[in-house]
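First the structure, in the form of structure tokens, and then the observations on it.
The values are calculated or read from the model by the stated rules, or taken from the named source; none is laboratory data. Model, not experiment: these values are computed from the prediction. Backbone-built Cβ (ideal geometry, glycine too); neighbour counts: all protein chains shown. These area figures cover heavy atoms from the full protein model, side chains too; ligands, DNA and RNA do not enter into them. Shrake-Rupley method; radii C 1.70, N 1.55, O 1.52, S 1.80 Å.
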Amino acid sequence: MQCDFRLFLASALMTATSFAYAESELWQLDGKVQAGVWSSDRLLDSRDGVFPATVALKGKVNITDDLRLFADGRVGEETYFAGERNAVAREFYLDYNLENADIRVGKQLLPWGRADRINPTDSLTSRDYRWLAPEEEDARFGNTGIRYNYHLNDYTLTGVWLPSMSSTRIPLGSKYQSQVQIQQPQNLDNFGAKFDYTGTGLDTSLSFYSGIDTAPTLEQNMSNAVQPFALVNHHIQRYGGDAALAFGSYTLRTELAYTQTGKNSNEFSGKKYDYFQSVIGLERQFENSLNVILQGVWQSNFDWRNPSAWQLPEQRQLAVYQQVIAQQSAKDFAGIGYRVSKKMLDDTLELEAGGLGLTANQGWLMRPRVRYQINDDLSLAVGGDYYEGQDNSIFGRLGKNNTVFMEFSYAFGINSDKFKI
């Protein structure tokens, strides 16, 4: 990944420079320097006091009226990247626009779904939950392939082929890190299709995905005595849909997906059971810059087997941890999520409180944020993450990742207009 980023950055800057002096061609480079202090990292260890610093860069070159090069990456102190690298390329692709279509080739972020932050249909993006990214979208990185969009009035038909997919990375804790082998996906057959409708007050889509699940599961690793476990990405098929309906100051959002894995109750593995997940929420925008989102979450895991039902003690112990990693620690569970935000002082100050609580003893999460725009370029963010729950629950296992942080950001941008002769 480190070499990939250097290659992408060099290519983007060389391409941008080559067009900098041509009035008919335009380029734009935007950046953000970020430095902060965190009370802990996100590796489920006991480390206190970390000081990540990074530079995020986004570059765009309009090669012709119809062809565009885009690159998005981040470089910085390795603490931000969980100690594994100093840089990452989140996106690096070419866009080509046709009369009624567009084609994108390269590494790209393709988020699907219209619910707020909990998206059952989001099959094509990978994440690293160990990065010290205050905002959830900054933990995403793209996968490499081709996307084709065909537009017809209010309708869009999307086809995606991704021969290169990366696994989402999750914190394992210092106790288990050395015992788990990270296996990168090798499957080339990752296909997605989506049919979108965008109209007055209503946006909706139907989607299908067949390929690897970017979220890994925990398996026994029989071929390695030093690392007896492995994180593996299994093949899935996912059928989904979403909708957003706006009426007045309200927006109703819903999203659902059924995921097939092929596992049954007699199969001992970390593979996920077939499951159905749905989200329905209501957003209200008030006149005084107050925004409130409430949404309900439901997940049902089919043919689910309680870990205590396995015959051998070592199976029962491993099955508990496997189900926590797969987020299937109960046959069914529901949840209530919320996000409340308020802008003040001419929109320079934003207060936000978000969270999610789950039934079936799966715990809860609370995530407050304060953002202050000091001037046009400089901003300050203060926040924290707090997880609570039993040890063998979805949020309970993340308890060591409780943290508070403060981060300064300095934004800048340059474009070809400043260099014309």
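Just to be sure before I move on: is ASN119 surrounded by fewer than 16 Cβ atoms within 10 Å (Cβ to Cβ) and among the polar types (S, T, N, Q) in the structure I sent? Don't jump to the end; show me each part of the working.
Values: surrounded by fewer than 16 Cβ atoms within 10 Å (Cβ to Cβ): no; among the polar types (S, T, N, Q): yes.
The answer is no for ASN119.
For segment 249-267, the set of residues classified as in contact with a strand residue (DSSP E or B) (Cβ under 9 Å, 6 or more places away or on another chain) and not β-branched (Val, Ile, Thr) consists of SER249, TYR250, LEU252, ARG253, GLU255, LEU256, ALA257, TYR258, GLN260, GLY262, listed by residue number. Identification of strands (runs of 3 or more DSSP E) wholly contained in segment 177-226 with 1 or more residues that are closer than 19 Å to LYS263 by Cβ and charged (D, E, K, R) yields 217-220. Of GLU287, GLU283, GLU267, GLU352, all but one fail to be in a loop (DSSP other than H, G, I, E, B), farther than 30 Å from LEU231 by Cα and acidic (Asp, Glu); the exception is GLU287.
So that you can scan it fast, the table gives a plain yes or no per residue for (1) open to solvent by less than 40 Å² (accessible area, probe 1.4 Å); (2) modelled with pLDDT of 50 or more:
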| residue | (1), (2) |
| --- | --- |
| LEU13 | no, no |
| GLU23 | no, no |
| SER46 | no, yes |
| PRO52 | yes, yes |
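Quick check on my filter: what residues within segment 136-147 are open to solvent by 20 Å² or more (accessible area, probe 1.4 Å) and either out of contact with any Lys or Arg (no Cβ under 6 Å at 6 or more places or on another chain) or in a helix (DSSP H, G or I) (or both)?
Taking segment 136-147 as the starting set, the residues that turn out to be open to solvent by 20 Å² or more (accessible area, probe 1.4 Å) are 136-138, 140, 144, 146-147.
Across segment 136-147, the qualifying residues are GLU136, GLU137, ASP138, ILE146.
Here's a check for you: in segment 181-204, which residue that is within 20 Å of the chain's Cα centre (by Cα) and under 18 Å from GLU255 (Cα atoms) is surrounded by the fewest Cβ atoms within 10 Å (Cβ to Cβ)? Across segment 181-204, the extreme among qualifying residues is ALA193.
So which strands (runs of 3 or more DSSP E) are wholly in segment 32-135 and hold at least 2 residues that are closer than 20 Å to GLY192 by Cβ and either more than 17 Å from the chain's Cα centre (by Cα) or of a type in the set (A, V, I, L, M, F, W, C) (or both)?
Numbers: elements: 48-50, 53-62, 67-76, 87-97, 101-108.
The qualifying strands (runs of 3 or more DSSP E) are 87-97, 101-108.
Looking at segment 276-323, which of the residues that are open to solvent by 20 Å² or more (accessible area, probe 1.4 Å) and hydroxyl-bearing (Ser, Thr, Tyr) is farthest from GLY248 (Cα to Cα)? For segment 276-323, the residue satisfying everything is SER308.
Residue by residue, here is whether (1) in contact with an Asp or Glu (Cβ under 7 Å, 6 or more places away or on another chain); (2) more than 30 Å from ASN97 (Cα to Cα); (3) free of Cβ contacts under 8 Å to residues at least 24 places away in the same chain holds:
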| residue | (1), (2), (3) |
| --- | --- |
| GLY31 | no, no, no |
| VAL37 | no, yes, no |
| ARG42 | no, yes, no |
| VAL50 | yes, yes, no |
| ALA53 | yes, yes, no |
| LYS58 | yes, no, no |
| ARG68 | yes, no, no |
| GLU77 | no, yes, no |
| TYR80 | no, yes, no |
